Amino acid sequence: GPKVLQIPSHQIIDMGQMVTLNCDPVSNHLYFYWYKQILGQQMEFLVNFYNGKVMEKSKLFKDQFSVERPDGSYFTLKIQPTALEDSAVYFCASSAGVENTLYFGAGTRLSVL
Amino acid sequence: TQTVSQSDAHVTVFEGDSVELRCNYSYGGSIYLSWYIQHHGHGLQFLLKYYSGNPVVQGVNGFEAEFSKSDSSFHLRKASVHWSDSAVYFCAVSASSNNRIFFGDGTQLVVKP
């Protein structure tokens, strides 16, 4: 089936550094999402993105977070600066339309030391 | 605001048993209801979805779910589980007017041989 690729699978950084998480969504999809998963269970919505713009974001999407997808390349989540509480697994997802199924990547485990 | 509640954090059954994973939602408008499965170390994979029509929807691998408007529920069922069904199952709800998808806290299903 369609694949969403996330790079890297694991990232370890020091608190205060910048990190960029990369997502290669399904090629014909138009909607993109980031979710944060804590303790292997809770899936927390961060942000969704369409037509080059953030459509909605949650209170977890702090000012230190930003997303972009320049020229149809990777859909990225940037955190600058990172904090200890940013340690989690971040999942990227994409869908063809509003009512369509979400396809998830395998996640990037972010460890902030 | 939509909310999703999965009352059971953990469910343990034996191979061949039937299982029902509960999901209740609260939202006053028109919604999509979905179930996703997450195997350890992987992203979420779509199982099934309901929007309208027959309240019993069939998914992959013998899973089905039944929508009940009166109970505000969308419980997931399988008649005979296999050890490979061990995973975390997420119920999700999204309003038809936007594409922000809310996930429940997940139910960890353990199938013992």
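Values as computed for the structure displayed
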read-out	value
Buried on assembly, region B:73-113 (at least 40 Å² less accessible surface than by itself, 1.4 Å probe)	B:Asn99, B:Arg100, B:Ile101, B:Phe103, B:Asp105
Cα Rg over Rh - chain A, Kirkwood	0.94
Sites A:Asp14 and B:Asp71, calculated FRET efficiency, Cβ-Cβ separation with R0 35 Å, nearest 0.05	0.10
Per principal axis, descending, Cα span of the protein assembly as shown in whole Å	49, 39, 30
Extension gain (nm, one decimal) between B:Val60 and B:Ser18, 0.36 nm per residue minus Cα-Cα	13.5 nm
Label-point gap, in nm, between A:Gln64 and B:His10 - each point 7 angstrom along Cα→Cβ	3.3
Extension gain, B:Val110 back to B:His42 (0.36 nm per residue minus Cα-Cα distance, nm)	22.8 nm
In Hz, Karplus ³J(HN,Hα) per residue of region B:57-69 (6.51, -1.76, 1.60; θ = phi - 60°; x = Gly, Pro)	10, 9, x, 7, 6, x, 7, 9, 9, 10, 7, 10, 5
Those residues of region A:93-113 for which accessible area with every protein chain present is at least 40 Å² below the isolated value (1.4 Å probe)	A:Val98, A:Glu99, A:Thr101, A:Leu102, A:Phe104
Area buried, chain B against chain A - accessible surface, total, 1.4 angstrom probe, square angstrom	1800
Where region B:3-112 is the region considered: accessible area per residue in Å², 1.4 Å probe	46
Average accessible surface area per residue within chain A, 1.4 Å rolling probe, Å²	50
Over 18 Å between alpha carbons, listed pairs A:Lys59/B:Lys69; A:Lys53/A:Lys78; A:Lys3/A:Lys53; A:Lys36/B:Lys49	A:Lys59/B:Lys69; A:Lys3/A:Lys53; A:Lys36/B:Lys49
Accessible area of region B:3-112 belonging to carbon and sulfur atoms, whole % at 1.4 Å probe	48
Accessible surface ranking that places the most exposed of B:Tyr27, A:Tyr33, B:Tyr32 first, with a 1.4 angstrom probe	B:Tyr27, B:Tyr32, A:Tyr33
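The values are calculated or read from the model by the stated rules, or taken from the named source; none is laboratory data. What you are looking at is a predicted structure, and each value in this text was computed from that prediction instead of being measured. Quick reminder, even Gly has a Cβ in these numbers, built from the backbone with ideal geometry, and neighbours come from all protein chains shown. Ligands, DNA and RNA are stripped out before the accessible areas are found, and what is left, the full protein with its side chains, is counted by its heavy atoms. Shrake-Rupley method; radii C 1.70, N 1.55, O 1.52, S 1.80 Å.
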